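Let me begin by presenting the structure, written as structure tokens, before commenting on it.
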Amino acid sequence: MLKCHGLMRPQISQVMKQSVNALAGNHVVIRQSSDLPKLPAPQPIKTLKHFLDFAQALQSKKEFEETKSIVNDFVSNDMPKLQGLLQKRADALPNWLTPWWLNIAYLAARTPLPVVTSPGVMFPKFDFNTPEGQLEYAAKISQAAIKFYLLAKNDQLKPDMSGKSPLDMSQYKFLFGTTRVPKVGVDEIKYGCDYKEKLQHIVVIRNGHLFQVQILDNNEQPLSISAITQQLEKVVAESQTPNPHPVGIVSSDGRDKWANVYTSLKKDNNNVKSLETIEKALFVVCLDKASDPPVGYTEKDEQSRQALHGGGSKVNSCNRWFDKTIQFVIGTNGYTGMTYEHTPAEGPPVGALMDYICDQFDANAFTSTGPSSGSSVQKLDISTNEEVNKRIAKSSKNMDRIAEDLDIVAFTFKPYGKNFPKSSKISPDSYIQMAYQLAFYRIHSSLPPTYETATLRKFTEGRTENIRSPSTEAASFVKKMVSKPPTPVSEIHDALINATNTHKKYTVDCMNASGMDRHLLAWKLIASENNLPTPELFGSNIYQQLNHFQVSTSQVPTRHFIQMCFGPSAVDCYGICYNPQETELHFMISTFKSYGSTSSKKFAKELQKALIDMKSVINKSTKEMSKL
Ligand code: COA
């Protein structure tokens, strides 16, 4: 499961075992969406230099000598042909990576969407705790989201920027009306923006029952809050008891299992209509029942559980349809959020949507009068047979096991925010990444292969690259931090500056299409597509080690207090989504309890210590310098 934040590593290797030819671009609509540059093929020399550096950070001298010889062989034997083929592909396509990426990272992956592939997102706590409040906030969030949909649809969003470079905006249009339809082998993505007809409805789920609810009138004007609320009241009236056969829970299971059920459901004409209505819904709203945090966890932690998986089949997991790109999750006590299916878009466009909704609340910009609903709420009945009911029971158990196993905590670091590294002339993102390295080392006495998402949206159709850690400079910094006897602070400070500068430089490389990971993937895929032997490099221990991520991270910055979260990409991994704000740093940390040697709370504690110690090193060393 790899997704933007490294969640796909195991899935890549799993998918590699299948015929790669079958995957190339099958379900991907390629659009030349903008005037942005095409993604260029990276330079081999740079990629292999990075490979050696990242290998050296993790290997002994003897192991590293062997790695150098494997790389030399690759350069002499396989590389020229593979690079030539890649160059041809890069010349022919607007983006040589994205069609591969969509399939390998997402559509061909067979593992369940929650909790690793589909992130959860949390709004700040809102001020309601009554059933009426739940409906009011559901209506307001829906209306605000639909206004954002219209802005995206009509190209009225201001382009995102990275410094002075505009970023590809196509992902915004993919957010709405989109569904990842389960298919055996490789799923299909149906984008809302590809339908010829106007989409005017959303789907509301309550107690596991699904309803079609109108959200736009025939002139594509958002319905008034009262018109939406009236429909939600009808939903409540018609969903008083739990659905005994909530088939949506199977969308939380392995994709082939769900695909088989989907096919079987489609044998019934009425089901076909209901499924089509769900596929074409602009988004889903889940009206949830109350849920309490497990012992030892906070309400904020519980909010993230609801956004990621719904708390298990006895709580709200049966109140989801995991194929839909956007599901707003509306609790009963002010906690709300989103479960989002990752295939069509990265976190930042989702963060921008959430920020926009918060802005609408701040400005109380809701339309309370205006178009009312022309059509009545429609219950979407889906008939199931005995076999499907058995699958529902099994998928419920599977979801319960996953929900129980995930240890997720919200952690806000309050002593300072990105203001401190900035004032010390250090990139905040690089600084935080070094804190992860240090925290991990202090717990496990080793350095973790680490994934961090970098955006490739400077290029047309761009998705992501991986900003890897540790580098040799990061390894040196961490070892100086923990050395006994202690290393002088000025030396540690220098090591931190070197490590963060190296990380930042690599970040810039990644964002400019000179990263290592996607290039190696390309060589591997193109060899397979052309029936060439898999180069020895890809079977080497170091390649395997580098692709077993023990820390999987993603930065999703927002203006409001919005947090994203996701599960770890491997059983022994930490999943960390972070939102560095000016005076505080927000982290969501996840691990699997079943692994036993990782703990989200322990990591949060070590992260706090690492961030405090790093500031102390900088302050002490700066003071010493000023005395000279
Ligand atoms: N001295 C002082 N200030 C510095 C600095 C330095 N040496 N280096 C950076 N800064 C400043 C920047 O100017 C910026 O200022 P701002 O807050 O006023 O905008 C701020 O510090 C943050 O910069 P930095 O921490 O270096 O990184 P970034 O914000 O550029 O983010 C990535 C880096 C890699 C996270 C980002 O480029 C990216 O790719 N984001 C997308 C990730 C994604 O897709 N996530 C979702 C996956 S689902």
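The values are calculated or read from the model by the stated rules, or taken from the named source; none is laboratory data. The structure presented is a predicted model; accordingly, all values stated were derived computationally and were not measured. Glycine also receives a Cβ, built like all others from the backbone with ideal geometry; neighbour counts cover every protein chain displayed.
Cβ-Cβ distances below 8 Å connect the following pairs, each with a first residue in the stretch 361-386 that is over 24 Å from Thr336 (Cβ atoms), a second residue that is of a type in the set (Val, Ile, Thr), and a separation of six or more residues or different chains: Gln378/Thr277; Ile382/Val247; Thr384/Val247; Thr384/Ile392. For first residues located in the stretch 78-99 and under 17 Å from Arg457 (Cβ atoms), partners that are part of a helix (DSSP H, G or I) and at pLDDT 95 or above and lie 6+ apart or on another chain with Cβ distances below 6 Å form the pairs Trp96/Arg89; Trp96/Ala90; Leu97/Arg518. Before we move on, is Ser569 within 16 Å of the ligand (Cβ to nearest atom) and closer than 21 Å to Pro448 by Cα? Considered against the rule, which asks whether it is within 16 Å of the ligand (Cβ to nearest atom) and closer than 21 Å to Pro448 by Cα, Ser569 comes out as yes.
Residue-wise test of (1) under 19 Å from Met481 (Cα atoms); (2) more than 10 Å from the ligand (Cβ to nearest atom).
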| residue | (1), (2) |
| --- | --- |
| Ile432 | yes, no |
| Gln437 | yes, yes |
| Leu447 | yes, yes |
| Asn466 | no, yes |
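So, in the stretch 302-351, exactly how many residues are among the aliphatic types (A, V, I, L, M) and under 14 Å from the mean Cα position of the chain (by Cα)?
Going through the stretch 302-351 one residue at a time, the tally reaches 6.
Is there a residue in the stretch 357-375 that is within 15 Å of the ligand (Cβ to nearest atom) and either surrounded by fewer than 19 Cβ atoms within 10 Å (Cβ to Cβ) or β-branched (Val, Ile, Thr) (or both)? No.
The stretch 239-352 holds helices (runs of 4 or more DSSP H) entirely within its bounds, and those carrying 2 or more residues that are under 30 Å from Gly462 (Cβ atoms) and in contact with a Gly (Cβ under 6 Å, 6 or more places away or on another chain) map to 299-308.
Go through the stretch 258-272 and give me each residue that's surrounded by 15 or more Cβ atoms within 10 Å (Cβ to Cβ) and charged (D, E, K, R). Listed by number, the list holds a single entry, Asp268.
For the residues Glu624, Glu582, the requirement of being within 14 Å of the ligand (Cβ to nearest atom) and more than 17 Å from Val116 (Cα to Cα) singles out Glu582. Checked against the criteria, Ser471 does not count as more than 13 Å from the ligand (Cβ to nearest atom), free of Cβ contacts under 8 Å to residues at least 12 places away in the same chain and of a type in the set (Gly, Ala, Ser). The set of residues from the stretch 294-336 being touching a helix residue (DSSP H, G or I) at 6+ places or on another chain (Cβ under 7 Å) and on the phi > 0 side of the Ramachandran plot comprises Gly310, Gly311, Gly312.
Taking first residues from the stretch 493-510 that are under 18 Å from Lys479 (Cβ atoms) and partners that are of a type in the set (Phe, Trp, Tyr) and within 13 Å of the ligand (Cβ to nearest atom), the Cβ contacts under 7 Å between residues at least 6 apart in sequence or on separate chains come to Thr500/Tyr431. Would you tally the residues in the stretch 44-67 being within 28 Å of Met511 (Cβ to Cβ) and either basic (Lys, Arg) or within 28 Å of the chain's Cα centre (by Cα) (or both)? Final tally of qualifying residues: 11.
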